[in-house]
Each structure stands twice: as C-alpha cells, then as structure tokens.
Amino acid sequence: MDVKTLRKTFEASLTDLPPVGMDVYSLVEDFRRYYSHTLGRDRHCQSAHYAYEALVLSLRDRLMERWKNTRYGYEAADAGHAYYLSLEFLMGRALGNAALNLGLDEETELAVSCLGMELEDLVENEQDAGLGNGGLGRLAACFLDSCATLQLPVTGYGLRYEYGMFRQEIVAGEQVEGPDHWLREGNAWELERHEYTQRVRFEGHTEWRRNNVGRKHAHWVDSHDVLAVPYDVPVPGYQNGTVNTLRLWKACATDEFDLGEFNAGLYPESVSAKNTAEQITLVLYPNDASESGKELRLRQQYFLASASLQDVVARWVGKHGGDFSDFADKNRFQLNDTHPSCAVPELMRLLMDEQGLEWDDAWRITSATMAYTNHTLLPEALERWPVPIFARLLPRLLEIVFEINARFLAEVARRWPGDTERQRRLSIIEEGPQPQVRMAYLAIVGSFSVNGVASLHSRLLTEGLFNDFFVLWPHKFNNKTNGVTPRRWLAWCNPGLSGLITTIVGPDWVADLSLLAGLAPQASDADFRGHWREVKLQNKRRLAQLVKADCGVVFNLEAIFDVQVKRIHEYKRQLLNLLHVIHLYDRLKRGDTENWTPRCVLIGGKAAPGYFLAKRIIKLINNVAAVINADPVTDGRLRLAFLPNYRVSAMEIIAPGADLSEQISTAGKEASGTGNMKFMMNGALTIGTLDGANVEILEEVGEENFFLFGLTADKVEGLRSHYDPAAIIAADTDLNRVMQLLECGYFNQFEFGIFDPILQTIRSPNDPWMTAADFRSYVEAQQRVAEAYKDEEHWTKMSILNTAASGRFSSDRTIAEYNRDIWKLEPIPPQNGTL
Ligand code: 26Q
C-alpha cells in the first residue's frame, strides 16, 4: 500500500486521537502496557515503585488530553491570564489528587485491586514534592487547585529545586537535617519543555547606546548568563475537564564556558563552570523568615522573576508583535510575598530595554499588572538586600530600582512638601552605613493591590507596618482571608467523613464548601453523631499507627488527641503547649487525678537549621516526652510525642485524626494560619488566641464551639512596657511549679543547663512572645477542653458544628475573591482541539 492510501485510512486519527478511556477496564489495560512495555517489568519484579509508576503514566494520559484542551480553550478565548509567582509550591503527593480530580478515584482503586494491589500502598511510593517551607508554599498549592477548579486561566511559576525541604530526623532528641533528593527516582508528573527555554543575565554592567532614531538605550553587557529550562506540571481542576499548568524553572549552564580556559586546554576546569549556574535551583532555602543577605537566594529570586516574565512577554510578542497597548488589561502577576518582587523592575527592563517602550508607558503597564500579597507582621522578617550585592549581581535592575524610587519620592515630596522625614521612612532604599533595598516597599510601590491574608492581619498592616503607604494609597490595600482546598484536605484525606457528609448534603460540597452548612441540623441527631464518632475513631486509629511507627509512642484511642503541627517558631509558642503538658504531669505526680481526662499530645514541625532556639525547643519537647512517657503515673492518662519530618502527606493522616487543634500564637503575630482550617474541616475543635484567621474561625463557629484564651493583639502591645513575667510566675503556683521542674533540671539530668536559654526568654521582661502572660488563661481553656471532652455527645455536636461552619475556609472562596477584586478573569471551559 502506498502512503496516500494509508493516509486516507488514517485521515481522522491523524488529527483527532480517540479519547482515552475513563473506565476501569481501560485503566487496567493501560497499566499493564506501561508496566510491561514501557517500564519493562513483569510479575517477578519485587518493587512496588514500578507499579506506582505505571499507574502515574496511565493517569497522566488522561490528564494530557484535558491539559491540551484547556490550553486550546484559553487561546481561543484570547482573554486575560493571571500568573502566580512564588519561590515555593508545597505540592505534596499528586497521585490521589489526580485520581480524585479526574473523577477516577473509585475506578483507580478498583483497577489497582483487580491487579492484586492496594491503592494505599502504591500511593506511599510517591515522594512529597516538598518545594516549600510551610504555610506560604502550601497556600500556593491550594490556590492552584482552586484556580483549576474555578476554570480560571492562572499559571503558577516557580523553581524546580533539585532538593526540597530537608528531611528531619530526631537523634537523641535533636533535629538532624538530611537531604531531600525527591527526584532521585524520577518524576513522572513533569513534562520538560525545552522549546521554551529562557536566558537570564547576571552581573556585567550597563552600556548606553543610541539607536537609529537617536534614542538612548540601555544594554546589559558582559553578563554571565544562565538558561532557564521549564518543566510543566499538570494541575487538574475538580471533575471539570480543566488542567492548568505549574511551570517550574531549572537552571542550566549555557554552552559558552570560559573560553580562556577552553583554549588553554583546560576542558574539565571550564566545564566545571556549569556548577555555579546550576546551583541556582539546587536547593530550597529552609527558613521561613528572610535569610539576610545570602547572595544565592537573590539569584534564585531574580531567576524566577526574569524567566517567568520573559516567557510571558515572548508569548505576547508572538501573538501581538510589539503592540503592548492591551498588555496591562490582559495580564496579572500575583507576587507571593516579596520573594519574587524583582518582577517589578524586571518587567520595566523588558519593556524598555528589550521592547523599546518609554518609561511612562512601561510604568503604567507594570504598576497596573503587579499585585502583592504580604504574609508576615514580624518587622524582622521583611526582606532587605544590601545595595552592594544587588549592584554587583543585578546592575541594570538596581538602576531601575533607583529611578523608581526617585520618581516615587518626588511624588511624596509633592504631597508633603518639606517632609523629608517621611521621605526617609518611605524610601525603597534604606539609607545608613549599609544601604539596603526594602523589597516590601518596592512591591508596594510597583503594585496596584496589596493584600494581607486574614482580616486582623490586613488591618494590622494598614495600622502598623505599612501605615505610611496606607495613608498615601488607601485604595491599594485589601484583605483576602486564606483558605485551603477541600479536595485534598477533606475529600481525599478523609474518605470516611466525606462519605458521611455526602449522605446528608449530597456530593456537590466538594466544589461548593458552603453546602457543609447543611450538616448543622444533624448535630442534634443521636444516630448521626454515632456515625460521626465511628469515623473519628477509625481516623484516630490510623493516626495512632503513624505515631507508634514514627515515634514509638502508644496513643490511647480514648484520649483527646491534642495536636500542634506547624513550623517551630517562638511566636507560634510550642513552648506554651509544653508548659501545659508539664503542668498536667505535675498534677499527676501530686495525685491530683480526680475526674482526669486522658490526653495524648502530638507536636510536629521543622526548625530552620540556623534557628538555635527553635532547635532547642525540639530537644526540650523530646526530653519532656521521654521522662513523662516512661513514668508509670502517666499510664493511660498522658502521652507526649514529637512526630519527626512533618510534611504534607503526614498532615493528610493527622488532620482527620485530631480532636483538638492548637492555634496558640501570640496575638498579632500569626498572619493567618491555614492548618487551623484543615483541622476545623475535619471536625477538630480549636483552642486558640485571637490571632490570624482564628478570629474568623471563631466568628463562623461561635464562642460556644471554640476554646478561646489569651490576650488580644492590642493588649499584647499595651502590656509590653510593663511586662513582668517574674511576678506572674511568682503569683501562679502552677506555673511556678512548672518552672521549678524545668529549672531544677528534671528533664535534663545529664545535660546540664541546656535549656537555660529557653527558660531565660520565658522569664525575660523583653520576651516578645509573652508566654507567661497567657499561661493561666491557656490552662483554664484546657480545663474547659478536658471537661467538654467527657461529655461525648456534646463534644461530637461541637465537632459536627465545626465542620459545618468551615465552608468559608475553602480556597475556592479565597480565589473567587482574588479574581473578583484583583484579577478580573472570566472562567474559560476547555475546548476540544486537534493535534
Ligand atoms: C525569605 C528570604 C530569604 C529566605 C527565605 C525567605 C522566606 C521563605 C519563606 C520567608 C518567609 C517564608 C514563609 C512564610 C510563611 O509561610 N508565612 C505564612 O504564610 C501563611 C500563608 O499566608 C500564613 O497562614 C502564616 O500565618 C504565615 O506565617
């Protein structure tokens, strides 16, 4: 047969592939083909990893066609697009989420069973994508899920770190960091897109040249360039055919190695120059407060901003040529904290130096496309870069920053003539012996929207940290209370509770969490409460197994599961939790056991490797755990465990099994918190201060279903000038006894003095976290918890009401607000396309 005849035969299939089957049978078939023909394994293979891999490839096929159709839909609509720029995307595992969002969760489970395996076991073979530190990184991941679910044209841009968040081990009670080489066994979810490689410049200097119409042009010359190679990760929406993109950049050396060394015959020496370039995306910085002045971190930040903006501009030019008149209408860049805020001067540079726009046009476009989200109230966590580092690494960018600042300060001077003090306060450049670039100020000046992440946080920003800017531009400031995705944090991680919820409100709650309100009436139905308790017990069993396996501690299923998991930070006050545990232990030792409510306390979280006190707090938790768990007086009554290597996949087991959620930060310090929302959705009750999103959780669920304690943010600030912890300790017998136990070395008998630095902060009148101030109120709230837990029926009622009131904390609601107020995008359905 000749080609012509063959072509005719295949005519349709050359442009339209038949859709991939969505039934169990075709899943099994594809699995077998991948397992045997692609991966080359057979039934003698002992490694479950390849079965996992075959399943990923099968699901990926089903994502792939939807991914393309989503792109066709966006291209055809020629509508606006938003880009979420973030140094962190804490995605966790993708398998379960892909199956659920494709609507193939039951089919996948069945298919795997047909093949003689358990889905749960296969899932365990996937490494968490731990490309983030904590809240900010996980928020980015939840946002992507919600954008896809709402069919919004939003692309995530981030870095493909070779090493993610470090693995935490506990050795002799102390945190030991290990490398997270998450890509070692490959990553079947990502798709390399070599064809969209970008070139990013560093160092060198600016040369001014005149072009043919006599206009002066900046040229960034003698730069050391690095290639940015994109890897795309699919982001499926919930059962809607949309698959959005997370584009992660990997740094690669150019082929232009040092020519001098080459010619000198130093081939290996010259090739080794690759290392410096490729270091940029080697490792995630593991601190969740700014690392001051680390040059590599600034390289990472600029690398992300530049590669991403070049990518967007190149696509724009491909479509519209040099006409940027609609660019600001069609593009939005959401900056996830100040980390990607080099995007402001970088977009200016691309528009002026590469596209030939004038300053005023470039500035109109830039300041109409950038929007900045702040995630911290701690002034010490605001990013600053020393001007000399900035100047050497990004010389052209710094010139632009200076010009932005000069024009901005001129505006300030027009508004407040002669007020040089105000100019000094507002300047993007902090003057002094070591001048610094204030990244938050750069982000505010360059953005049309500035938002905080919970209503208290947003208010405090305008009253404190950014007050000068608020006075200048009140219209820029707004609030977007955080949320979490109900797909991962309820539907997927808690199938028992999900099934029960669906029997009452139907299945639509997964994409419309406000429907959970329909559960509230069931709180007064004894049968329903019985089912609710049964599910919780199953989930506690699972959590207890995890604790047994990873901590060697046995949790009593009848006890309250009292959980605090989050980064270890003084302001989050894991110490306050610990003081309470020691107080309970002290009561047991004194025989004060009447009406005792058994309690199992679980604490988990990573400390930044350079944060001495945080690491020492981990050691203290482990020492206290060792002493009290070994003391027979605590048997059946009290347990304390520190869970090593807290991560996304651990939270998927923890949240469903928790009874009590600890959200006990010093008021005014936690921007929002998002773990608080995951626990609430899964029916845990909160013990918490009026901080971050706790305020709104309390508002939704009511005081009678929340254990509130502690000073308010205003009271905390009011107390600072005359805070006297010594007097508080002396006046409180319980706290005094706890401090005595700690200070006499009861928990460090052979490690003399190691906890002194911690104890000193508690006793210091300058303790910024005021741990002692809230102790009494916290212990009383914990007593109310213990009392409430004894009334099983009432506790269950409160648990149901918590889940029922959690609808507002879906990231779908948050994203709908970002879209309504900031991005203004139309939802766009996918469109079947041809190859
Ligand atoms: C900055 C510069 C150099 C190195 C590291 C950093 C850096 C990295 C990560 C600074 C901060 C972070 C992370 C901050 C973070 O996770 N903040 C949390 O964000 C959550 C989502 O909004 C909030 O819920 C939490 O309250 C907030 O602490």
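Within the range 284-298, residues that are within 15 Å of residue 134 (Cα to Cα) sit with their Cβ atoms under 8 Å from residues that are within 6 Å of the ligand (Cβ to nearest atom) and among the acidic types (Asp, Glu), at 6+ positions apart or across chains, in these pairs: 285/291; 290/383.
For the range 125-145, a residue qualifies if it is over 22 Å from residue 483 (Cα atoms) and touching a residue at least 60 places away in the same chain (Cβ under 8 Å), and the qualifying residues are 125, 126.
Among residues of the range 375-388 being assigned to a helix (DSSP H, G or I) and under 28 Å from the mean Cα position of the chain (by Cα), the one that is surrounded by the most Cβ atoms within 10 Å (Cβ to Cβ) is 381. Looking at the structure I just gave you, is residue 289 under 19 Å from residue 374 (Cα atoms), within 13 Å of the ligand (Cβ to nearest atom) and either in contact with a helix residue (DSSP H, G or I) (Cβ under 9 Å, 6 or more places away or on another chain) or of a type in the set (Gly, Ala, Ser) (or both)? Here the answer is yes, as residue 289 does meet what is asked. In the set (1) within 22 Å of residue 446 (Cα to Cα); (2) assigned to a helix (DSSP H, G or I); (3) at pLDDT below 95, residue 300 fails one condition alone, (3). Screening residue 169 on (1) outside any loop (DSSP other than H, G, I, E, B); (2) touching a strand residue (DSSP E or B) at 6+ places or on another chain (Cβ under 6 Å); (3) crowded, with 24+ Cβ neighbours inside 10 Å; (4) not hydroxyl-bearing (Ser, Thr, Tyr) shows it passes everything except condition (3).
Of the strands (runs of 3 or more DSSP E) entirely within the range 556-651, those holding at least 1 residues that are among the β-branched types (Val, Ile, Thr) and in contact (Cβ under 8 Å) with a residue 12 or more places away in the chain occupy 560-565, 599-604. Restricting attention to the range 106-134, which residues are buried (at least 24 other Cβ atoms within 10 Å of the Cβ) and either of a type in the set (Asp, Glu) or within 16 Å of the ligand (Cβ to nearest atom) (or both)? If the condition is that a residue be buried (at least 24 other Cβ atoms within 10 Å of the Cβ) and either of a type in the set (Asp, Glu) or within 16 Å of the ligand (Cβ to nearest atom) (or both), then 130, 131, 132 are the ones that fit. Scanning the range 673-732 for residues being within 16 Å of the ligand (Cβ to nearest atom), part of a loop (DSSP other than H, G, I, E, B) and either polar (S, T, N, Q) or out of contact with any helix residue (DSSP H, G or I) (no Cβ under 8 Å at 6 or more places or on another chain) (or both) gives a total of 2. Listed by first and then second residue, the pairs with beta-carbon distance under 9 Å, at least 6 apart or on different chains, first residue in the range 301-318 and under 22 Å from residue 437 (Cβ atoms) and touching a residue at least 12 places away in the same chain (Cβ under 8 Å), second within 16 Å of the ligand (Cβ to nearest atom) and polar (S, T, N, Q), are 301/338; 301/341; 303/281; 304/86; 305/341.
May I ask you to list pairs of residues, at least six apart or on different chains, whose Cβ atoms are under 8 Å apart, with the first in the range 13-36 being more than 20 Å from residue 240 (Cα to Cα) and the second being crowded, with 16+ Cβ neighbours inside 10 Å and among the hydroxyl-bearing types (Ser, Thr, Tyr)? Sorted first by the residue in the range 13-36, then by its partner, the pairs are 30/58; 31/58; 34/58; 35/50. Of the residues that make up the range 696-704, is at least one touching a Ser or Thr at 6+ places or on another chain (Cβ under 9 Å) and crowded, with 24+ Cβ neighbours inside 10 Å? For the range 696-704, residues touching a Ser or Thr at 6+ places or on another chain (Cβ under 9 Å) and crowded, with 24+ Cβ neighbours inside 10 Å: present.
The values are calculated or read from the model by the stated rules, or taken from the named source; none is laboratory data. Quick caveat: nothing in here was measured; it's all calculated off a predicted structure. Using ideal geometry, Cβ is built from the backbone for each residue, glycine included, and neighbour counts are taken over all protein chains shown.
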